[in-house]
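What follows is a single structure, written as structure tokens, with notes after it.
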Amino acid sequence: MTLTQAEKAAVVAIWGKLASQADAIGAESLERLFSGFPQTKTYFPHFDLSQGSAQLHGHGSKVLGAVGEAAKNIDNITGALATLSELHAYILRVDPVNFKLLSHCILCSLAAHFPKDFTPEVHAAWDKFLSQISSVLTEKYR
Amino acid sequence: MGEFTPDEKHHIVSLWSKVNVEEVGSEALARLLIVYPWTQRFFSSFGNLSSATAIIGNPKVRAHGKKVLTSFGEAVKNLDNIKATYAKLSELHCNKLHVDPENFRLLGDILIIVLAAHFGREFTPACQAAWQKLVGVVAHALAHQYH
């Protein structure tokens, strides 16, 4: 399921709009994840996950930062996220099912912040894009 | 599975009271067909589904989206008894419509995204969590009679 040129353009355009709020959107996506899917908290026993916590914000930035790297290197997501892919495969070993959950929560945050821009076509493009990122991050699992 | 706290019930019922069932229902179904095009397999009688524009403007999609979300409203009215509420519909989806239950999960998540788009800030993580639970219970109930 590769991205068409139109889809790549849609991803890059929306990234442009959200880049300045990436940290907040990242934190919000994680909040949505931990509230909606409490089992995901098992990966963060060492974190203060309360709303507004510094760790939540820091981690949200990291996550959306990586999404941004993928958007800026959309023709070579595999290359752009190679180190992160190894990290997830050998150290973090987050079960693959959780990438779908986080992707869904990122889409919810995008929809909530940019309702007018989040057309069905943009929604489809971002769903595919996040799915591609998820594939790259789980590529080396076995 | 299936028991809602008073807070969750409040989130669900109060948001639902502001939902335009026809608009949200048709948008959710259209997005399902656009974002996950393989779901179009169930709607070969719907006519033109060849593009996002065609799907959004398709009157059968609109009507069916309204029908589906109206039915969803039954769950909201019977939060303590969703399984029984959907027993017959579950049989229908299995025996007559032959719908893979995975599609209920897909539509549930799309509905949540549409709610996020419509309600923005008001659709807080806590509100979303209540709705995630609801769509999960609905999907489970619709799959319950499958054999």
Buried area at the B-A interface (accessible, heavy atoms, 1.4 Å probe, summed, Å²): 1700
How big is the protein assembly as shown along each principal axis, measuring the range of its Cα positions in Å and listing the largest first? 50, 43, 37
Share of accessible surface on carbon and sulfur in the protein assembly as shown, whole %, 1.4 Å probe and ligands ignored, is 56
Using +1 at the C-beta of Lys and Arg and -1 at the C-beta of Asp and Glu, which of B:Q40, B:H147, B:L134 has the Cα lying farthest in the positive direction of the dipole of chain B? B:Q40
Counting only protein heavy atoms and rolling a 1.4 Å probe, one gets per residue an accessible area for chain A in Å² of 49
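Quick check for me: using +1 on Lys/Arg Cβ and -1 on Asp/Glu Cβ, what's the dipole size of the range A:16-142 about its Cα centre, in debye to the nearest 20?
Values: 11 positive and 12 negative charges, 35 e Å.
Once rounded to the nearest 20, the dipole reads 160 debye.
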Over the range B:1-82, how many percent of alpha carbon pairs lie in each 10 Å bin up to the one with the longest distance? 18, 41, 26, 15, 1
Anchor B:K133: aspartates and glutamates whose Cα lies under 12 Å away (excluding residues fewer than 8 positions away in-chain): B:E3, B:E8, B:D109
Chain A - convex hull of the alpha-carbon atoms, volume per residue in Å³: 105
Burial of 40 Å² or greater, the range B:12-53 residues [accessible area, probe 1.4 Å, versus chain by itself]: B:R31, B:V35
Restricting things to alpha carbons, tell me how big chain B is in terms of Rg and Dmax, in Å. 14.9, 44
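Within the range A:57-132, how many Lys pairs that are eight or more residues apart, or on different chains, come under 20 Å at the alpha-carbon? Could you put the intermediate results ahead of the total?
On the way: A:K62/A:K72; A:K62/A:K100; A:K72/A:K128; A:K100/A:K128; A:K116/A:K128.
The number of close lysine pairs in the range A:57-132 is 5.
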From the C-alpha gyration tensor of the range A:58-142, square roots of 5λ in Å: 23, 13, 12
Could you provide, to the nearest whole Å², the per residue accessible area of chain B with probe 1.4 Å? 50
As I understand it, the dipole of the range B:1-91 uses +1 on the Cβ of Lys and Arg and -1 on the Cβ of Asp and Glu, about the Cα centre. Which of B:I55, B:A30, B:F4 lies farthest toward its positive end? B:I55
Across the range B:27-32, in residue order, what do the Karplus-derived ³J(HN,Hα) couplings come to in whole Hz, using 6.51 cos²θ - 1.76 cosθ + 1.60 with θ = phi - 60° and x for Gly and Pro? 5, 5, 5, 4, 5, 4
Can you tell which of A:V12, B:A117, B:H93 lies farthest toward the positive end of the dipole of the protein assembly as shown, using +1 and -1 charges on the Cβ of basic and acidic side chains (Lys, Arg; Asp, Glu)? B:H93
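Under a point-charge model restricted to the Cβ atoms of Lys and Arg (+1) and Asp and Glu (-1), what is the dipole moment magnitude of the protein assembly as shown relative to its Cα centre, in debye to the nearest 20?
Details: 27 positive and 26 negative charges, 104 e Å.
Once rounded to the nearest 20, the dipole reads 500 debye.
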Given the -39500 (n - 2.57) contribution per DSSP H run of 4+ residues, what per-residue ellipticity at 222 nm results for chain B, rounded to the nearest 500 deg cm²/dmol? -20500 deg cm²/dmol
Rg and Dmax of the range B:44-92, Cα atoms only, in Å: 14.3, 40
Å³ per residue enclosed by the Cα convex hull of the range A:68-118: 90
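Let's see if you can work this out: charge +1 on each Lys and Arg Cβ, -1 on each Asp and Glu Cβ, no other charges. What is the dipole magnitude of chain B about its Cα centre, in debye to the nearest 20?
Magnitude of the dipole: close to 360 debye.
The values are calculated or read from the model by the stated rules, or taken from the named source; none is laboratory data. A quick note: this is a predicted structure, and the numbers were derived from the prediction, not measured. Glycine gets a Cβ as well: all are built from the backbone with ideal geometry, and neighbour counts include every protein chain shown. Each accessible area value is taken on the protein alone, full model and side chains, heavy atoms only, with ligands, DNA and RNA left out. Shrake-Rupley method; radii C 1.70, N 1.55, O 1.52, S 1.80 Å.
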